[in-house]
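Step one of this worksheet: look at the structure below.
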Amino acid sequence: MKIHEYQAKELLAARGADVPSGRVATTVEEAVAAVRPLVAETGNPVVVVKSQIHAGGRGKGRFLEHPELGGVNVVLDGLEGGVAATEEAVGALAERMLGSTLVTLQTGAGGKRVNRLYVEQGIEVAQELYLSVVLDRSSGQNLVMASVEGGTEIEEVAAQRPEAIHKALIDPAVGLLPFQAHALTYRLGLRDEAAASGRRFVTALAAAAVELDTDMVEINPLVVTGQGRVMALDAKVSFDKNALFRHPQLASLRDLSEEEPAEVEAAEYGLSFIKLSGTIGCLVNGAGLAMATMDTIKEVGGEPANFLDVGGGATVENVTAAFEIITRDPNVRGIFVNIFGGIMRCDTIATGVLQAVRNVGLQVPLVVRLEGTNVELGKRIIEEAELPGLVVADSMKDGAKAIVELAR
Amino acid sequence: MSILVGADTRLLLQGLGGAGRFHIDRSIAYGTEVVAATHPKRAGEVEPFEGEIDPSGVPGRAGGYRVELPIFATVRDAVAATGANASVVFVPPPFAADAIMEAAEAELELVVTITEGIPIQDMVKVKRYLEGRRTRLIGPNCPGVITPRACRIGIMPGYIHRPGRVGVVSRSGTLTYEAVKQLSDNGLGQSSAVGIGGDPVNGTSFVDVLRLFQDDPATEAVLMIGEIGGTAEEEAAAFMREHVRKPVAAFVAGTTAPPGKRMGHAGAIISGGAGTAAEKISALEGAGAVVALTPSDMGEAVLDAMRRAGLG
């Protein structure tokens with residue numbers, strides 16, 4: 001689960017990681033109203049107005065409606081005109097940014113609508129760094145990565161100058177140790193005040209990542225201010241969805257307007273669904289078999305309309321929901337149900353498919369391939385229903401061939 | 001011979017819920033020696049099972065079975081009373097890590113964890129806890145382990161398996177069944193089939209299982225089934241190059257998967273690659289494996305690998 005920058009910063013600040021002051025705004029009035037208390041609090045007339053969307057590259061992004069306007073804007077008007085000038089400039093920016101569509105390298109060409117802004121104090125940046133905490137699959141431990149190459153994509157750094165990335169594994173028995181925090185900040189070139197501030201930041205971030213069950217925490221850039229303060233200028237945090245049950249307070253941070261509606265609905269039914277652009281709807285159990293089914297559909301000349309894994313514990317209700325989500329896509333010209341039951345029982349799938357067909361009607365050809373646990377029972381349920389337009393296949397490849405042929 | 005499980009496996013069930021009950025019943029029907037279950041509130045009771053034996057399981061049995069499985073409060077109690085040496089975990093995700101560590105503390109040789117959806121940080125702790133202990137963890141989020149006609153632990157459909165000389169190892173559950181069925185349909189039986197699970201932190205890797213198959217006299221060839229993401233396949237390829245002398249066939253699912261969904265911004269960095277199917281296939285081919293380019297060719301790829309090695 002992803003959250004916005006301002007939410008990430010609130011969570012990190014509450015755990016001892018330094019961040020700039022700021023206020024969130026969903027209307028022009030709120031954005032203007034944020035200015036005066038922010039300037040009073042920080043004593044700095046410079047503020048930054050930042051688009052809040054679940055995608056990176058906002059600074060370099062441009063608005064579809066205002067191609068000259070970037071997703072992050074520094075307001076300097078207050079330096080000469082005082083706080084009233086800042087308010088006026090922030091209001092003018094908010095007018096154009098709110099409700100407009102921001103296109104960045106990560107949003108795709110369609111962009112994302114900006115519904116929230118973050119008005120933040122301006123920071124005098126002496127140095128930009130990079131810091132993140134991610135899972136290292138090889139060791140099965142959390143890994144802190146730090147680099148002096150802040151502000152650029154870390155993938156580029158990893159490809160071109162891997163030696164510029166400094167790493168420390170977090171042993172779950174003891175957490176990130178002081179010597180590790182010291183080594184990381186030392187290698188980043190931090191000394192004196194900045195070193196102490198940096199150690200505090202790294203230590204707080206590592207503890208927050210573990211405590212909050214994050215999938216990833218990325219601070220890019222982490223900055224050193226002119227006064228030697230180390231703080232997060234940006235923050236990207238996502239959470240392990242399997243651990244959300246023990247963080248009920250995080251549920252309210254979810255912004256459903258940032259997510260694909262069909263994928264949200266699918267997730268509510270425990271389905272893993274990704275919409276694609278082809279014509280063959282797929283309903284499969286297991287991620288590996290679902291990918292292999294897509295591979296097979298392509299192999300025999302078709303294009304999958306989706307990836308859909310109904311999971312192991314699916315019920316009749318979940319299967320019905322899966323069917324409804326697939327058939328709602330107007331591009332779908334045929335549906336391939338490919339089930340190899342282990343924990344999933346074929347009779348459950350068969351009953352679910354029939355119930356879904358009764359509920360939503362069968363407008364396109366349907367090929368069902370069942371194998372595995374309770375396969376005889378599942379096949380009998382399908383055959384006894386005698387549905388016109390439903391073909392039963394014996395193997396994945398036969399089923400894929402049949403549905404691609406029928407959907408032509 | 002076989003790997004991990006066989007006729008001397010004495011199995012304990014942790015997690016006597018709906019799925020646990022259904023699948024332990026299938027294991028009993030298959031002929032697995034199931035000796036006990038644990039449940040926090042039902043110690044001292046027995047759980048009855050009865051039905052028709054599974055004809056694809058352990059040979060030499062006929063008719064029905066009737067088992068009264070004793071229930072214990074703790075794994076230690078169950079081990080002391082029954083001599084259990086392996087467990088299968090169906091415990092719900094919030095409590096599954098604790099169940100695994102309890103089994104390790106009781107020094108079970110093997111813990112097979114079926115549970116899907118265990119928090120990653122829990123598995124980080126489990127992996128650390130298992131260091132230096134004798135317990136081998138398979139999974140989590142896996143279909144289990146089977147040695148055909150000897151022992152079934154997990155959720156795989158038993159009837160698709162045939163005894164034989166091909167070792168199967170896979171990250172995916174259902175795709176393993178697909179592969180096993182193709183092998184059986186091609187007349188290739190299996191020594192053992194192991195699902196290592198799809199989670200980012202797991203107990204046993206491809207490399208671990210390849211080592212076991214390389215050392216197992218009953219295994220002549222190996223089929224390895226990977227998928228996109230992570231670097232487990234590349235690590236397996238590096239190991240194969242140095243240590244595996246038996247023919248290996250492989251398949252990587254997700255060749256046609258769109259790259260659209262970002263897999264954790266920084267996640268791929270550590271590994272220094274993007275985890276694409278093409279990279280994995282080239283690593284595996286470079287290590288001498290015969291790679292099936294489509295899922296329907298997995299059985300054929302094993303035959304090909306065996307022919308090239310002068311087998312079959």
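The values are calculated or read from the model by the stated rules, or taken from the named source; none is laboratory data. In this text the structure is predicted, and so the values were computed from the model without any measurement. Don't worry about glycine lacking a Cβ; one is built from the backbone with ideal geometry, like all the others, and counts go over all protein chains shown. What goes into the accessible areas is simple: the full protein's heavy atoms, side chains included, and nothing from ligands, DNA or RNA. Shrake-Rupley method; radii C 1.70, N 1.55, O 1.52, S 1.80 Å.
Given B:Gly187, B:Gly173, B:Gly117, B:Gly144, which one is at pLDDT 95 or above, out of contact with any Ser or Thr (no Cβ under 6 Å at 6 or more places or on another chain) and small (Gly, Ala, Ser)?
Being at pLDDT 95 or above, out of contact with any Ser or Thr (no Cβ under 6 Å at 6 or more places or on another chain) and small (Gly, Ala, Ser) holds for just one of B:Gly187, B:Gly173, B:Gly117, B:Gly144, which is B:Gly144.
Tell me, please, whether a residue that is within 14 Å of another protein chain (Cβ to nearest Cβ), in a helix (DSSP H, G or I) and either within 30 Å of B:Gly203 (Cβ to Cβ) or in contact with a Pro (Cβ under 8 Å, 6 or more places away or on another chain) (or both) can be found in the range A:189-204.
Checked the range A:189-204: no residue is within 14 Å of another protein chain (Cβ to nearest Cβ), in a helix (DSSP H, G or I) and either within 30 Å of B:Gly203 (Cβ to Cβ) or in contact with a Pro (Cβ under 8 Å, 6 or more places away or on another chain) (or both).
All but one of (1) more than 12 Å from chain B (Cβ to nearest Cβ); (2) more than 23 Å from A:Glu258 (Cα to Cα); (3) surrounded by 15 or more Cβ atoms within 10 Å (Cβ to Cβ); (4) charged (D, E, K, R) hold for A:Asp136; state the number of the condition that does not hold.
Every listed condition holds for A:Asp136 apart from (1).
From the list A:Val134, A:Val157, exactly one residue is in contact (Cβ under 8 Å) with a residue 12 or more places away in the chain, within 30 Å of B:Gly139 (Cα to Cα), not acidic (Asp, Glu) and not assigned by TED's automatic domain parsing to the domain that holds A:Ala25. Which is it?
A:Val134
What helices (runs of 4 or more DSSP H) completely inside the range A:301-408 contain at least 1 residues that are within 24 Å of A:Ile274 (Cβ to Cβ)?
It comes to A:316-327, A:346-360, A:396-406.
Within the bounds of the range A:222-231, is there any residue that is in contact with a Leu (Cβ under 6 Å, 6 or more places away or on another chain), closer than 17 Å to A:Val19 by Cβ and of a type in the set (Val, Ile, Thr)?
Within the range A:222-231 (the criterion being in contact with a Leu (Cβ under 6 Å, 6 or more places away or on another chain), closer than 17 Å to A:Val19 by Cβ and of a type in the set (Val, Ile, Thr)), the answer is yes, since at least one residue qualifies.
For the range A:326-353, what are the residues that are of a type in the set (A, V, I, L, M, F, W, C) and either outside the structural domain of A:Gly302 (by TED's automatic domain parsing) or open to solvent by less than 10 Å² (accessible area, probe 1.4 Å) (or both)?
A:Ile326, A:Ile335, A:Phe336, A:Val337, A:Ile339, A:Phe340, A:Met344, A:Cys346, A:Ile349, A:Ala350, A:Val353, listed by residue number.
If you scan the range A:354-374, which residues turn out to be surrounded by fewer than 16 Cβ atoms within 10 Å (Cβ to Cβ) and either more than 17 Å from A:Ile335 (Cβ to Cβ) or not hydrophobic (A, V, I, L, M, F, W, C) (or both)?
Within the range A:354-374, A:Gln355, A:Arg358, A:Asn359, A:Gly361, A:Gln363 qualify.
Whether any residue in the range B:14-21 is in contact with a Ser or Thr (Cβ under 7 Å, 6 or more places away or on another chain) and either within 24 Å of B:Val169 (Cβ to Cβ) or open to solvent by 70 Å² or more (accessible area, probe 1.4 Å) (or both) is what I want to check.
Yes; the residues of the range B:14-21 include at least one that is in contact with a Ser or Thr (Cβ under 7 Å, 6 or more places away or on another chain) and either within 24 Å of B:Val169 (Cβ to Cβ) or open to solvent by 70 Å² or more (accessible area, probe 1.4 Å) (or both).
Would you call A:Gly71 surrounded by 15 or more Cβ atoms within 10 Å (Cβ to Cβ) and closer than 18 Å to A:Pro221 by Cα?
yes
Condition test on A:Ala126, is it closer than 20 Å to A:Thr214 by Cβ and modelled with pLDDT of 90 or more?
no
Regarding the range B:48-61, can at least one residue be identified that is touching a His at 6+ places or on another chain (Cβ under 9 Å) and touching a residue at least 12 places away in the same chain (Cβ under 8 Å)?
Checked against the condition, which is being touching a His at 6+ places or on another chain (Cβ under 9 Å) and touching a residue at least 12 places away in the same chain (Cβ under 8 Å), the range B:48-61 yields at least one hit.
Out of the range A:205-217, which residues are assigned to a strand (DSSP E or B) and open to solvent by 30 Å² or more (accessible area, probe 1.4 Å)?
Passing the criteria: only A:Asp215.
Can you tell me which residues in the range A:139-163 are open to solvent by less than 20 Å² (accessible area, probe 1.4 Å), under 24 Å from A:Met231 (Cβ atoms) and within 12 Å of chain B (Cβ to nearest Cβ)?
Listed by number, the residues that qualify are A:Asn142, A:Leu143, A:Val144, A:Met145, A:Ala146, A:Ser147, A:Ile154, A:Val157.
In the range A:65-184, which strands (runs of 3 or more DSSP E) lie fully inside it and hold 2 or more residues that are among the polar types (S, T, N, Q)?
Ranges flagged: A:125-136, A:141-147.
What pairs come out if I take residues in the range A:284-300 that are facing chain B (nearest Cβ under 7 Å) and pair them with residues that are crowded, with 24+ Cβ neighbours inside 10 Å and of a type in the set (Lys, Arg) whose C-beta lies under 8 Å away, six or more apart or interchain?
A:Gly288/B:Arg171
For the range A:329-347, give me each residue that is over 26 Å from B:Gly20 (Cβ atoms) and in contact (Cβ under 8 Å) with a residue 12 or more places away in the chain.
A:Asp329, A:Asn331, A:Val332, A:Arg333, A:Gly334, A:Ile335, A:Phe336, A:Val337, A:Asn338
Of the numbered conditions (1) farther than 30 Å from A:Thr152 by Cα; (2) in contact with a strand residue (DSSP E or B) (Cβ under 7 Å, 6 or more places away or on another chain); (3) surrounded by fewer than 21 Cβ atoms within 10 Å (Cβ to Cβ), A:Gln249 fails exactly one; give the number of that condition.
Of (1) farther than 30 Å from A:Thr152 by Cα; (2) in contact with a strand residue (DSSP E or B) (Cβ under 7 Å, 6 or more places away or on another chain); (3) surrounded by fewer than 21 Cβ atoms within 10 Å (Cβ to Cβ), only one is false for A:Gln249: (2).
If I ask for residues that are crowded, with 21+ Cβ neighbours inside 10 Å and assigned to a helix (DSSP H, G or I), which ones from the range A:252-285 would you list?
Within the range A:252-285, just A:Ala266 meets the criteria.
Having 1 or more residues that are out of contact with any strand residue (DSSP E or B) (no Cβ under 6 Å at 6 or more places or on another chain) and open to solvent by 10 Å² or more (accessible area, probe 1.4 Å) is the bar; report the strands (runs of 3 or more DSSP E) wholly within the range B:75-193 that clear it.
Filter on the range B:75-193 gives B:163-170.
Go through (1) closer than 24 Å to A:Asp213 by Cβ; (2) more than 14 Å from chain B (Cβ to nearest Cβ); (3) in contact with a Phe, Trp or Tyr (Cβ under 9 Å, 6 or more places away or on another chain) one by one and return the number of the condition A:Ala173 breaks.
So the condition that A:Ala173 fails would be (2).
For the range A:375-395: of the residues being surrounded by 19 or more Cβ atoms within 10 Å (Cβ to Cβ) and out of contact with any Leu (no Cβ under 8 Å at 6 or more places or on another chain), which is farthest from B:Tyr177 (Cα to Cα)?
Ranking the candidates gives A:Ala393 first.
From A:Leu256, A:Leu222, A:Leu271, A:Leu233, grab the single residue that is within 30 Å of B:Ala97 (Cα to Cα) and away from chain B (no Cβ under 13 Å).
The unique qualifying residue is A:Leu271.
For A:Val316, which of the numbered conditions (1) open to solvent by 10 Å² or more (accessible area, probe 1.4 Å); (2) β-branched (Val, Ile, Thr); (3) in contact with a strand residue (DSSP E or B) (Cβ under 8 Å, 6 or more places away or on another chain) fails to hold?
(3)
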